[in-house]
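Report on the following structure.
The values are calculated or read from the model by the stated rules, or taken from the named source; none is laboratory data. Predicted, not measured: the structure shown is a model, and the values here were computed from it. Please note: Cβ atoms are built from the backbone with ideal geometry, for glycine as well, and neighbour counts cover all protein chains shown.
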Amino acid sequence: MHLAYHSRKASSAPPFPRGAKMPGLRRSRLKVIALAGFALLTLLYLVTKPNGRHTPYKEYTPSGRPPVVVLTVLDEAKYSSTYLEAIKENRIQYAEKHGYKTFFAKVGDYDMNNAPSSWTSVVAARHVLTQFPDCRYLWFLDQNALIMNPQRTIEAHVMDPARLDEGMIKDYPVVPPDSIIKTFSHLRGRDVEFLLTQDKDGLSSGSWVLKNGEWARFFLETWFDPLYRSYNFQKAETHALEHIVQWHPTILARLGLVAQRTVNSYSTGDHGEAYQPGDLAVRFIDCSTPSACEKEAEPYIAQSRAAFQSS
Amino acid sequence: MSLSRSPSPVPGGGWASPGLNINTSGRSSPSQAYTGSTATPVMWESARLKRAGNSGYPSFSTQNKGFFTRHMRRISSSLPRFSNAQQHAEKEKDKPVRAPWSVQNLPLLGRLRGIMARMGRKMKMRLLFLFLLVMAVVLFYTTPLVYYWRRTTWLGGGQKFVIILAANVGGGVMEWKGAREWAIERDSVRNKKRYVNRWGYDLEIVDMSTKKRYAHEWRESWEKVDFIRNSLKKYPKAEWIWWLDLNTFIMEPTYSLQDHIFNQLDKHVYRDINEYNPLNITHPITDPYLDATSQSPIGDGNPNSVNLVLSQDCSGFNLGSFFVRRSPWLDRLLDVWWDPVAYEQKHMEWEHKEQDALEQLYTTQPWIRQHTAFLPQRMINSFPTGACSENGNDTRIHYNQDDRDFLVNMAGCEWGRDCWGEMYSFRELSYYLNRNPWELFKEDLVAVLWEKLTGHKVKL
């Protein structure tokens, strides 16, 4: 039986056959890689599974524009317009110098269910947080007060955590002299969200600084509670403040008590510490009638104008 | 004869001496020298012959002699195997002769080995995989593994939930705590214990006995606040705290809180109270000095900002079953929930104390409203027909077993209703609804068929 010859082999050897394009990726290795990838994906799924669909809740952090809003409540019914203009001018000049904003509320702007008009400051402060959701601080300054030192700023000279750490009054009765509730001794400057001063009668609600945020909203809304407004506190919102500060630790834990002259010097020393040149602000609290207040303010208005012009 | 240890007696009498062929001693072993022997000599003769025939080979078998005859079948299927145990058993002289290597005689294990030997590698792998799968299922569901899986924060997440059960209400101070009260407590506690054991949650049973805790005022039923605070401290991993009154019963223990509510919180809750508003609370608050979120009927709309989840019954908020989330917001709420000035003005009106105080806060405080959400009552707090019964049965309020409601709250049963009766019937109903497949087979199929065939009711 005759068989045909084999066809002659090509003299050049064929290249070594490879199944896959990439070298080194054999079937078995692919399998291992696939298995490892699967295991990795499973692990990732397990780790990231809970609440994967929604970002966890985070409090809104204000961007700090403007850094400070200066709030003053004006009583147009009782005070002359020239006096109020001078007060407004004082605030606006200060705000312009540092890039702050001002907010002037008027008594009667808000419906308060027949509560005393001094409550306007609290609700107006809440309004400021609505109007300026990105402001960092809110400084409430009473109408019968003047900013005397334009160089001093809120964020650098008043609310700076390092400065607060030094200057805060710790472990001291909130309402002197005999309140058993004392400011926390372990409070740190960066925890302070509400800066307040005391005078000889107790807490002073004529000049305070509040840091914007969720806590600020909670605090103002709690302070403005209708049940406090209807309670006939003798000194209205001031006594309500003393009440919530003493009864509610979440508020006390954010309260920084500082020396009175930081933001709240008095024109005379009868009720608290007297103004000294260089203090940020002066308040006229001894005057009994609007006209008396206007008269008392006159020399300070001139002084502050001079200070603003020279600076 | 010297042996390292004495030979052991075998049941038939006499001594089994492995490897010992000398038959000179032994009390009951017959010997040829024994003259008074009445035993049949034939048997002994044959035994002797056998011994002489295969001396040294310890088998008395007359059949299956030779390697091939013995192992033919096994060689045709697999490699031969020797079993010493079997051989040892065969050494008993007086036993009827058996075939040591016959197929019927093979142990199950051996046969299985045979099957395995004939099996291909692929099939083996498949079987191994199946076996592992079954083992995994068994391991997972019959050992505590499933418990720890469900409990771990990043797996099942059970540690994120703590149930506070308010037990010992009144503590027997105001009224007698009799057998029925104890029984209610026992059943309720057992119900919750089983539930948390199933899902890996934590259970905190708190003592609600009447005490004068504070120096100058009664803060009864505001103790909730203290208990919630303590639990947050005690269980640092807890995210949600579920408050439960004593007169509650979890009807469907197979529902996990995650599946039932929290995985899809936004789908289940409603934040706009106008959806169901028995108190006619004006919503949203429209004061012009408030921001957009405060004025929005649904807050910021993000389910993660919900920090309080409760339900409303026919007369307003119900705090028999509610959830709170660990958050700074919760600290603030717990702090202002009780306030002496509010209490002084309102305690005559506040019939339900802390519940009314919360309603007051919700009504007047925008920051509370923004973080509060409501669940349809029957998701966490179904009522029996006795409660809220002024307007008859309400599908929003009352328990319906066809819908398999999660929890029953026998609210107000202590005023003129039978707490223990309700608890008992709901307990039995829950068992009935959650029977296992075997019980279902027995009771719903066999018993029914039997009754149809014979006409007699059968009790299983």
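Numerical summary
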item: Residue in the stretch B:291-335 that is nearest to B:Gly412 (Cα to Cα), counting only those that are charged (D, E, K, R) and touching an Asp or Glu at 6+ places or on another chain (Cβ under 7 Å); result: B:Arg325
item: Search result, residues across the stretch A:108-133 that are over 22 Å from A:Gly213 (Cα atoms), more than 9 Å from chain B (Cβ to nearest Cβ) and assigned to a loop (DSSP other than H, G, I, E, B); result: A:Gly108, A:Met112, A:Asn113, A:Asn114, A:Ala115, A:Pro116
item: Complete set of residues in the stretch A:60-99 that are in a loop (DSSP other than H, G, I, E, B) and without any contact (Cβ under 8 Å) to a residue 40 or more places away in the chain; result: A:Glu76, A:Ala77, A:Gly99
item: Qualifying residue in the stretch B:320-338 (condition: in contact with a Leu (Cβ under 8 Å, 6 or more places away or on another chain), in contact (Cβ under 8 Å) with a residue 12 or more places away in the chain and assigned to a loop (DSSP other than H, G, I, E, B)); result: yes
item: Residue that is farthest from the chain's Cα centre (by Cα) [pool: residues in the stretch B:154-171 that are in a strand (DSSP E or B) and under 30 Å from A:Val47 (Cα atoms)]; result: B:Ile164
item: Check on A:Cys287, more than 14 Å from chain B (Cβ to nearest Cβ), part of a loop (DSSP other than H, G, I, E, B), buried (at least 16 other Cβ atoms within 10 Å of the Cβ) and in contact (Cβ under 8 Å) with a residue 60 or more places away in the chain; result: yes
item: Of all residues in the stretch B:309-343 being within 12 Å of chain A (Cβ to nearest Cβ) and among the β-branched types (Val, Ile, Thr), the one that is surrounded by the fewest Cβ atoms within 10 Å (Cβ to Cβ); result: B:Val341
item: Evaluation of B:Lys346 against (1) within 12 Å of chain A (Cβ to nearest Cβ); (2) touching a Ser or Thr at 6+ places or on another chain (Cβ under 7 Å); (3) of a type in the set (D, E, K, R) (one fails), failing number; result: (2)
item: Identity of the residue in the stretch B:287-303, away from chain A (no Cβ under 11 Å) and out of contact with any strand residue (DSSP E or B) (no Cβ under 9 Å at 6 or more places or on another chain), that ends up surrounded by the most Cβ atoms within 10 Å (Cβ to Cβ); result: B:Ser296
item: Count of residues meeting criterion [in a loop (DSSP other than H, G, I, E, B), within 30 Å of B:Gly301 (Cβ to Cβ) and within 28 Å of the chain's Cα centre (by Cα)] in the stretch B:368-403; result: 2
item: Criterion (away from chain B (no Cβ under 14 Å) and in a helix (DSSP H, G or I)) met by exactly one of A:His157, A:His186; result: A:His157
item: Of residues in the stretch A:222-240 being surrounded by 20 or more Cβ atoms within 10 Å (Cβ to Cβ) and touching a residue at least 40 places away in the same chain (Cβ under 8 Å), the one farthest from A:Ser117 (Cα to Cα); result: A:Trp223
item: Considering residues of the stretch A:90-102 that are over 12 Å from A:Thr72 (Cα atoms) and not polar (S, T, N, Q) only, the residue surrounded by the most Cβ atoms within 10 Å (Cβ to Cβ); result: A:Tyr94
item: Complete set of residues in the stretch B:399-418 that are free of Cβ contacts under 8 Å to residues at least 24 places away in the same chain and not aromatic (Phe, Trp, Tyr); result: B:Asn400, B:Asp402, B:Gly416, B:Asp418
item: Helices (runs of 4 or more DSSP H) completely within the stretch A:212-270 that count 3 or more residues being more than 7 Å from chain B (Cβ to nearest Cβ); result: A:214-223, A:236-247
item: Every residue from the stretch B:153-173 that is exposed (fewer than 15 other Cβ atoms within 10 Å of the Cβ) and either out of contact with any strand residue (DSSP E or B) (no Cβ under 8 Å at 6 or more places or on another chain) or within 13 Å of another protein chain (Cβ to nearest Cβ) (or both); result: B:Thr153, B:Trp154
item: Residue in the stretch B:410-429 that is in a helix (DSSP H, G or I), hydroxyl-bearing (Ser, Thr, Tyr) and within 14 Å of chain A (Cβ to nearest Cβ) present; result: no
item: Qualifying residue in the stretch B:252-273 (condition: surrounded by 15 or more Cβ atoms within 10 Å (Cβ to Cβ), within 14 Å of chain A (Cβ to nearest Cβ) and over 29 Å from B:Ala387 (Cα atoms)); result: yes
item: The stretch B:357-391: number of residues that are more than 15 Å from B:Gly320 (Cα to Cα), of a type in the set (D, E, K, R) and within 14 Å of chain A (Cβ to nearest Cβ); result: 1
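A quick yes/no check of all residues on (1) closer than 30 Å to B:Glu239 by Cα; (2) modelled with pLDDT of 70 or more:
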| position | (1), (2) |
| --- | --- |
| A:Thr55 | yes, no |
| A:Glu59 | yes, yes |
| A:Pro66 | no, yes |
| A:Asp75 | no, yes |
| A:Tyr79 | no, yes |
| A:Thr82 | no, yes |
